[in-house]
1. By per-residue mean of other Cβ atoms within 10 Å, what is the highest-first order of 30-42, 48-60?
2. Between residue 115 and residue 60, what's the calculated FRET efficiency when r is the beta-carbon distance and R0 is 22 Å? Round to 0.05.
3. Using 0.36 nm per residue, how much length does the chain from residue 72 to residue 87 gain when fully extended, once their Cα-Cα distance is taken away?
4. Rounded to the nearest 0.05, what FRET efficiency do residue 137 and residue 38 have when you use their Cβ-Cβ distance and R0 = 35 Å?
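Since every read-out is calculated from the coordinates, none of them should be taken as a lab result. Everything numeric here is computed off the predicted structure, so don't read it as measured data. FYI the Cβ positions are ideal-geometry reconstructions off the backbone, even for glycines, and counts take in every protein chain you see.
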Amino acid sequence: MLTGMTHNNPSAVPPTPVDCMVANERDPRVFPFGVHAADSTVSVFSWYADATDALRSYVEQDLLIHLLDDQQTRDAVSRILGEALVLGEGLDTVAEALNAATGDDSVILWCGTFAELCGGEYAGSDVVDDFRGDSSEVSGPITPGEIAGFVEFIREHGR
């Protein structure tokens, strides 16, 4: 399925919504748009072709709805996602509104590109520091030599 696709050609990635478990296992060098989401038990990174692909997956797979007990909250989330989908927006444009609607039940902690994550553009997160550990003398953005290990780390992060 991924034959011929590279991180240099993200448009080659099919914009088909996927099951969240598949998105969690994807390689962010191929699927460069990421979402770090958490509920009361786990936090995971999921990877998509772009922000619109992430939004479509959230809508079609009910990625938030199944976590919510309150019908009023489910309705609010459905409305937010549906309006964004109609407007052709991506998940990044509605993350704040979704977080306001869901409270602590399900939170989008971050969404952005893998390059942004590697560059340390994840405010309030220690994911890069967690990857490197306390004994690391390296600081700053993820280096090219660290990328493969970092990909594996974020694949397992929060599980």
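1. 48-60, 30-42
2. Efficiency, rounded to the nearest 0.05: 0.25.
3. Once the chain is fully extended between residue 72 and residue 87, it gains 3.1 nm.
4. It comes to 0.70.
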